[in-house]
Structures are given as structure tokens and as C-alpha cells.
Ligand code: C2E
Ligand code: MG
Ligand code: MG
Ligand code: MG
């Protein structure tokens, strides 16, 4: 019986892998068309200061597949990375985000920024800085209105070149945030060498902060360290009032999560902003 069960498990496992492979190949082909036919959309999620002021918005890409419906970026970004399609997609994202932000800017405090996620391939391309500058010029978005989010992984390999690029970005006035902070297996001391402005603590640590004292200790440690290094701290994935209160008690600077607002289409964001800026 055990043997039979093992075989069944193996069979489902193999089916599972086959299914995933087929899905990947299909998605890869479909991505090409999606880029040409503009099947992508950006949703925006607000970032709020501890005091509740809007600090900016993160642009999050969505793929409205003509037959499969909405596909998560967690699924298609890695495929686009593998195939190099990420370059064209990222270019579209940057332009769209810049134009949308410029539409909102007249009603926003001047310190607000639009946050855009960078992919490793994009960041490591020799033409990255030039092409980013060209996009800023073409759209009219000021570098001081842009924040780029990079994961620890991007910065771990090829460190010297990466640090040079970061310096150049900051020289331009672009803000740099380390995304998903704490998941990258890197020692915290490397932060000292990086010219960055912010760390975004990964959602997985925020999740259990209210009922797991170990996660709470990690978050407390990250915040204390970041503040010593004069970095701002963002908590991602804040879903409950309890989490918010605990993070506020730890002096976390900025909050992002479903508790405040979900990522939303641009038109919805405009409505949300009207309500939210009333008090300011
Ligand atoms: P990320 O940059 O860490 O983005 C945060 C993710 O957490 C988003 O998922 C967001 O919808 C989700 N989130 C925000 N608040 C909450 C919350 O309170 N609870 C929960 N459970 N989730 C929350 P999303 O939009 O599915 O994006 C996933 C990842 O895909 C992003 O993680 C980012 O790494 C990548 N991504 C998204 N858009 C882009 C893009 O334009 N370019 C690149 N290179 N990557 C992107
Ligand atoms: Mg991000
Ligand atoms: Mg993140
Ligand atoms: Mg994350």
C-alpha cells in the first residue's frame, strides 16, 4: 500500500511538473504578444507615513491575459526575466508609471514619489542608466520623484559595479529602496556599504509580528539597525491594526498594506486620493 501511495505521489508530482512546464512555455509565447498588444496594466498601492500622510505609490504590474484572465506577476516576471522579455516590459512599466504619476503630481505634496520595481537583468545592463535618463527626459518625470525598489539579490553579485550604479542613481536624485528585506540570506553588515535610502521589511516578517515573538524581535532589530544607518524603514503587507500599532511602537516610518489600501487601477487611485488628501 505504501508503495502504491508512493507511486501515486510520484505520478502526481510528475504530472505537476509537466503541467508547470507546459504552462511556462505557453506563457512565454503569450508574453510576446502581451507586450506587443499592451495587455498589461499598472496598479498602484499607496505608502503612508506613520502619521497617515501619503508618501508615494508603488507601481505593480498586472497582466490581463485574453483567455486566462489576470495572471500574477509572481508567475510571469520570472519567465520574462529568463527570456529577456523583461526589458521591454520594464520599459513599458517605467513610462506608464511616469505618465500616471505626472497626472497626479499637481495635487500631491512635493515629497511624494512613484516607486518602481527593478528586475536584476534591467539593473545589470550596461545601458541601464542611459536608458533610464532617456525615459525621464521623454516623459518629463523628475528624478527626485522616482524611487527604485531593488531586492538584496540584485546587489549581492557584482557588488562593485552595482554600488557604482547606485551612486549614480542617487546623484541624479533618485531614491533607492531595498525590497523584501530580510529574505536574502545576506548579512546585515553589507547594508553599511550600500548607498541606499530605505529598507522595506518583507511581508513574511510582518505577518506574524503580533503573535510570534521571534518575528517581532527580527523586525525590531531591522528597524533599529536601519535607523542607526540613517535609513528609513517601510513595513510591507500590513494587514491588521495590531500589526500597525506594534510597528508604530517600534518607530517604523512608513506603512504599506491591505489595512490602508490595496493595489488599485489608476482611476480608482484618483478617487482614493480625493478622499485621502481632503484632510491635508
Ligand atoms: P513586491 O515588490 O514586494 O510587491 C509587494 C507585493 O505585496 C505586491 O504583490 C502587493 O500586491 C502585495 N501586497 C501589498 N500589501 C499586501 C498585504 O497587506 N497583504 C498581502 N498578502 N500582500 C500585499 P504583487 O502585486 O502580486 O507583486 C508581486 C511581486 O511581483 C512584487 O513584489 C515584485 O517583486 C514583482 N513585480 C510587480 N510589479 C513589477 C514590475 O513592474 N517590475 C518588476 N521587475 N517586478 C514587479
Ligand atoms: Mg516592491
Ligand atoms: Mg516587497
Ligand atoms: Mg515582497
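Tabulated data
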item	result
Per residue Cα convex hull volume in Å³ - calculated over the chain	170
Percent RCO, i.e. relative contact order, over the chain, from Cα pairs under 8 Å lying at least 6 residues apart	17
Most fluctuating residue given options 21, 136, 146, as computed from a GNM of the chain linking Cα atoms under 10 Å	21
Mean-position separation - Cα centroids, the stretch 222-280 and the stretch 100-142, in angstrom	21
Residue order, fewest to most beta carbons within 10 Å, for 121, 172	172, 121
Virtual spin-label span in nm between residue 270 and residue 70, 7 Å along Cα→Cβ	2.0
Helix-only mean residue ellipticity at 222 nm for the chain, each DSSP H run of n ≥ 4 adding -39500 (n - 2.57), per residue, nearest 500	-16000 deg cm²/dmol
q = 0.16 Å⁻¹, the stretch 106-201: log10 I(q)/I(0) [Debye, one scatterer per Cα]	-0.66
Choice from 91, 11, 19 with maximal GNM fluctuation in the chain (Cα, 10 Å cutoff)	11
Computed Rg/Rh of the stretch 21-82, alpha carbon atoms with Kirkwood Rh	1.13
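The numbers here are math on the coordinates, done by the rules we state, and not lab data. Remember, predicted model here, so these are calculated numbers, not experimental data. Counting neighbours? That spans all protein chains shown, and the Cβs are built from the backbone with ideal geometry, glycine included.
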